[in-house]
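Q: Below are the structure tokens for one structure; questions will follow.
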Amino acid sequence: MSALSGKVQTVLGLIEPDQLGRTMTHEHLSMTFECCYSPPAPGDKTVSQDHIQMKNLFWLKQNPYSSHENLLLVQETDAVREELHEYRKAGGGTIVENTTQGIARDLPCLKQLAKDTGVHIIGGAGYYVDATHTEATRKMTVEKLTDIIVSEVLHGADGTEIRCGVIGEIGCSWPITESEKKVLQATAHAQTELGCPVIIHPGRNPRAPTEIVRILEEAGGDISKTVMSHLDRTIFDNGELLEFANLGSYLEYDLFGTEMLNYVYNLEVDMPSDSQRVKTLAFLVQEGYEDNIVIAHDVHTKNRLTKYGGHGYSHILKNIVPKMLSRGINQTQVDKILIDNPKRWLTFK
Ligand SMILES: CC(=O)NCCS(=O)(=O)O
């Protein structure tokens, strides 16, 4: 048994699982998303270059990835600190901060935010999508990648002694690239060694989550300790969703607060509304998957912060929970989704 066994690892050290409280399993507190900038439509060039201001907030909500300024959450630490105080007041306990290598992970910033606000913050080990892999990363063997991920959990990451408490979000494109496949295999090997939680960012195709589970399983990964993120924009057919749910991972609906007409990364996708998300959660609960659901907002751009008219990190606690309760999900099931499931997932074996 390792020293981590039965514990949860935050950026401030090990804690008992019962200390976590209500947990958002997929957020970002500091990162850059410039890797995923999407040029604006020709007629929108001027507004896309404007500073963020009241009159362009609706445009930004519809086109969050077409403004360079909007992609720099890294510049908003003071606003994020305020929001974390608010999150505590709203009854929040923990945030899993999924920023990995490639999107400017900043563990010292997370550590300071945890100290300043009392929110438990859990950092993420590993690599985001291929587009952010360095040439050196692409050349690494699975063994080397495994060593790095294990070390980020056991000893600290980015030249610090701040240790990660989950692996991920591990980024995958569609189709999955060779480099991403190696990272997935390394993730599974590291998970076998550490008994730790894993969280995956799947590519934007309904087949992506199943393909990833297959790769992880073949490499010895523990699917019952793995979260599949972003299902809101990935699987739309209820039959396909149940088939995927049957594979045994945690099912994460983590884009609460995101409502847009055109999802620029895959125009085939109709991004659901929050009401539709709650309906899907109620469906999964009714089908017996209440022990597998986790939820979050995945704040990753400035316009999602309350400072810029967004929903912030407390939207689920303040607005979505009452909606869940009014749509057939009872308090015990809400507590499983916000407390018990994250706790089970985050506790090292
Ligand atoms: C930071 C991140 O990966 N967010 C997910 C954005 S997506 O549009 O759902 O892929």
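Q: Nearest-5 percent of antiparallel DSSP beta bridges in the chain?
A: If I count the DSSP bridges inside the chain, around 10 percent turn out antiparallel.
Q: Compute the relative contact order of segment 83-133 as a whole-number percentage, counting only Cα pairs closer than 8 Å that sit 6 or more residues apart in sequence.
A: RCO, segment 83-133: 46 percent.
Q: Does segment 1-148 come out rounded, prolate or oblate, given a ≥ b ≥ c as the square roots of the eigenvalues of its C-alpha gyration tensor, rounded meaning a/c under 1.5 and, failing that, prolate meaning a/b above b/c?
A: Oblate shape, in that a/c is at least 1.5 and b/c is the bigger or equal ratio.
Q: Taking the Cβ of ARG105 as the centre, find all other residues whose Cβ is under 9 Å away and add up their charges (Lys, Arg: +1; Asp, Glu: -1).
A: Residues close to ARG105 contribute a combined charge of -3.
Q: Treating cross-link reach as a plain straight distance, find the lysines whose alpha-carbon is under 19 Å from the alpha-carbon of LYS111, omitting any fewer than eight places away in the same chain.
A: Cα-Cα hits under 19 Å: LYS7.
Q: Then there's this: Sorting THR23, THR332 by accessible area (1.4 Å probe), largest first, what list results?
A: THR332, THR23
Q: Considering only the other residues whose Cβ falls under 13 Å of the Cβ of LYS323, what net charge follows from Lys and Arg at +1 and Asp and Glu at -1?
A: That works out to +3.
Q: Taking the Cα centroid of segment 18-44 and of segment 244-310, what is the distance between the two, rounded to the nearest whole Å?
A: Taking the Cα centre of each part, segment 18-44 and segment 244-310 sit 13 Å apart.
Q: Also, I was wondering about something else. With the cut-off at 1.5 for a/c, could you classify segment 253-349 from its C-alpha gyration tensor as rounded, prolate or oblate?
A: prolate
Q: A further question follows. Express the carbon and sulfur contribution to the solvent-accessible surface of the chain as a percent, rounded to the nearest whole number, probe 1.4 angstrom.
A: Carbon and sulfur: 49 percent of the exposed surface of the chain.
Q: Which GluC sites (Glu not before Pro) does segment 190-268 hold that lie in a coil by DSSP with at most 10 other beta carbons within 10 Å?
A: Loop-located and lightly packed - GLU268.
Q: Can you list the aspartates and glutamates whose alpha carbon sits under 18 Å from that of LYS115, skipping same-chain ones fewer than 8 residues off?
A: Excluding near neighbours in sequence, the set is GLU16, GLU27, GLU76, ASP78, GLU82, GLU83, GLU86, GLU97, ASP106, GLU161.
Q: Is the shape of the chain rounded, prolate or oblate, going by the alpha carbon gyration tensor and its root eigenvalues a ≥ b ≥ c, with a/c under 1.5 for rounded and a/b larger than b/c for prolate?
A: Rounded, because the longest to shortest axis ratio a/c is under 1.5.
Q: Ignoring everything except DSSP H segments at least 4 long, calculate the 222 nm mean residue ellipticity for the chain; use -39,500 (n - 2.57) per segment, divide by total residues, nearest 500.
A: It lands at -9500 deg cm²/dmol.
Q: What residue among HIS133, HIS297, HIS189 shows peak mean-square fluctuation when the chain is described by a Gaussian network model with Cα springs under 10 Å?
A: Ranking HIS133, HIS297, HIS189 by mean-square fluctuation puts HIS133 first.
Q: May I pose another question? Which lysines does LYS139 reach when only Cα atoms under 19 Å apart count, and residues fewer than 8 places away in its own chain are ignored?
A: Candidates past the 8-residue exclusion: LYS181, LYS182.
Q: If you don't mind, there's one more thing I want to ask. Return one quarter of the surface area of the convex hull spanned by the alpha-carbon atoms of segment 154-305, equal to its mean projected area, in nm².
A: Mean projected area of the Cα convex hull: 9.9 nm².
Q: I'd like to compare 120-128, 285-293, 70-78: which one has the highest average count of other Cβ atoms within 10 Å, and what's the full order after that?
A: 120-128, 70-78, 285-293
Q: Around ALA188, under 9 Å between beta carbons, what's the net of Lys plus Arg minus Asp minus Glu among the other residues?
A: For residues surrounding ALA188, the net value is -3.
Q: For the chain, with every protein chain kept in place, what is the accessible area per residue (1.4 Å probe, Å²)?
A: For the chain, the solvent-accessible area averages 40 Å² per residue.
Q: If you don't mind, there's one more thing I want to ask. Can you compute 3J(HN,Hα) from phi for each residue in segment 108-121, using the Karplus curve 6.51 cos²θ - 1.76 cosθ + 1.60 with θ = phi - 60°, rounded to whole Hz and x for Gly and Pro?
A: With coefficients 6.51, -1.76 and 1.60, one gets x, 5, 5, 4, 5, 5, 5, 5, 5, 10, x, 6, 6, 10 Hz.
The values are calculated or read from the model by the stated rules, or taken from the named source; none is laboratory data. Predicted model, so just to flag it, every value in this text is computed and none were measured. A quick note on method: Cβ atoms are made from the backbone with ideal geometry, for glycine too, and the neighbour counts reach across all protein chains shown. When the accessible area is computed, the model is the full protein with side chains, heavy atoms only, and any ligands, DNA or RNA have been set aside. Shrake-Rupley method; radii C 1.70, N 1.55, O 1.52, S 1.80 Å.
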